Each structure stands twice: as structure tokens, then as C-alpha cells.
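**Q** Before I ask anything, let me first share the structure, which is written out below as C-alpha cells.
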Amino acid sequence: MTSPQTAPGTFTQAQLGTLILIGWSGEHPHNGHDVAFLLAYSLGDGSDGPAVGEAAMRIALDRCGLPAGAAPVRADETPGLPVKLLVQAGQAVLTLPHFKAQYPVPPEWLAAATEQGEVHAMFATRPWPQGAPGLPVGEEELRLFAGDPEVIGSSAHCVLPVRSLG
């Protein structure tokens, strides 16, 4: 039996599977201010299964300058970083070379993002099939996934300035 393979350091969009964006706001543990957070993750439904999808996500993030497991990248201090966030008309639009998603943000998220002028983004390499669209994601489920030390440690992190049109 053979399994689909790609050359080392390459991936296909189909291997990433369905990519999802979800946001929340809350008190930052280090400064006590409300912070806006975004979490991007795969459902693990890629063409070659969740393990290949996880590896593909690592490659995709690394190519963007967002190494998984490293310290947060500050987009405002990293010229040429192909990661952009636009906040406009109650929507957050996150764009990377392999991913573009729009998320309708709640008022408290928008207030935190505007007040701080930045958003903390986490790009999980570990799939989260329980976070599928149409399924309710409660605060506790989100906390269990996004707060899991293994998920945090295997993710890429980026602090993005809030940009808007006009």
C-alpha cells in the first residue's frame, strides 16, 4: 500500500483541509488589559488526513515567517511579513498566502482591538475537528483547546496591528 506524499517542505492546499477563524476577547494575564485574540486552525479534514494536515500547516506557517513553537512574531516589527489583519464594519479579515478568512467580531472584541491597537493571533498546527462551523463552540470548549499547553506550544503566534480602511 502506498500513501500520498509530497517533497519535504511542500504541501498542497487540499492537505490543509478546512481552515477556520474564531475570535474572543479577555483579560491578558500579563498586563490586566482586555485583549482581542484570533485563533486560526484546521478541522483536520485534509485530503491526506490530520497528521499530514498538521505537517502541512507547519510548513505553510514557516513559509510565512511564523514558525510554530517560537516566540510571538510582531508584525509591526517584521517588514514583509505576509500576514495582514483588516478590521472594518464589524468584521476581522485575516489574510495569509494560504488562508483568508473573515470573522464577524462581537462588540467587546472590537473594543479591545481598538483600545490596544493590536490583536494576538494564534495559528494552531494541531487540528480541532470539534470547532467545525455550525457546531456550537462554548467558552469552556474554546478554553480547553486554545489554552492547552501542547496546543499553545505547537502553534505559531503573531501580534498584528489593527488596520482599517480610511
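The values are calculated or read from the model by the stated rules, or taken from the named source; none is laboratory data. Note that the structure is predicted; figures quoted are calculated from it, not measured. When we count neighbours, we look across all protein chains shown, and the Cβ atoms used for this are built from the backbone with ideal geometry, even at glycine. Protein only, heavy atoms only, side chains kept; ligands, DNA and RNA dropped before computing areas. Shrake-Rupley method; radii C 1.70, N 1.55, O 1.52, S 1.80 Å.
**Q** Would you call A71 of a type in the set (G, A, S), open to solvent by 50 Å² or more (accessible area, probe 1.4 Å), farther than 26 Å from Q15 by Cβ and assigned to a helix (DSSP H, G or I)?
**A** No; evaluated as a whole, the condition is false for this residue.
**Q** Could you please tell me which pairs satisfy a Cβ distance under 7 Å, a separation of 6+ or placement on different chains, a first residue in segment 117-139 that is farther than 22 Å from P97 by Cα, and a second residue that is among the aromatic types (F, W, Y)?
**A** G131/Y41; G131/F145
**Q** All but one of (1) closer than 26 Å to T12 by Cα; (2) part of a loop (DSSP other than H, G, I, E, B) hold for A92, so report the exception by its number.
**A** (2) is the only condition that A92 fails.
**Q** May I ask you to verify whether T78 is among the polar types (S, T, N, Q), touching a Gly at 6+ places or on another chain (Cβ under 7 Å) and closer than 16 Å to R163 by Cα?
**A** Considered against the rule, which asks whether it is among the polar types (S, T, N, Q), touching a Gly at 6+ places or on another chain (Cβ under 7 Å) and closer than 16 Å to R163 by Cα, T78 comes out as yes.
**Q** Please enumerate the residues belonging to segment 100-124 that are open to solvent by 20 Å² or more (accessible area, probe 1.4 Å), assigned to a strand (DSSP E or B) and more than 11 Å from L160 (Cα to Cα).
**A** K100, Q102, Y103, P104, listed by residue number.
**Q** Still on this structure: Here are some residues: A92, A56, A51. Which one is without any contact (Cβ under 8 Å) to a residue 60 or more places away in the chain and open to solvent by less than 10 Å² (accessible area, probe 1.4 Å)?
**A** The conditions single out A56.
**Q** Follow-up question, since we're still on this one. Where residues in segment 109-160 are more than 14 Å from the chain's Cα centre (by Cα) and polar (S, T, N, Q), which of them is nearest to L94 (Cα to Cα)?
**A** The qualifying residue nearest to L94 (Cα to Cα) is T114.
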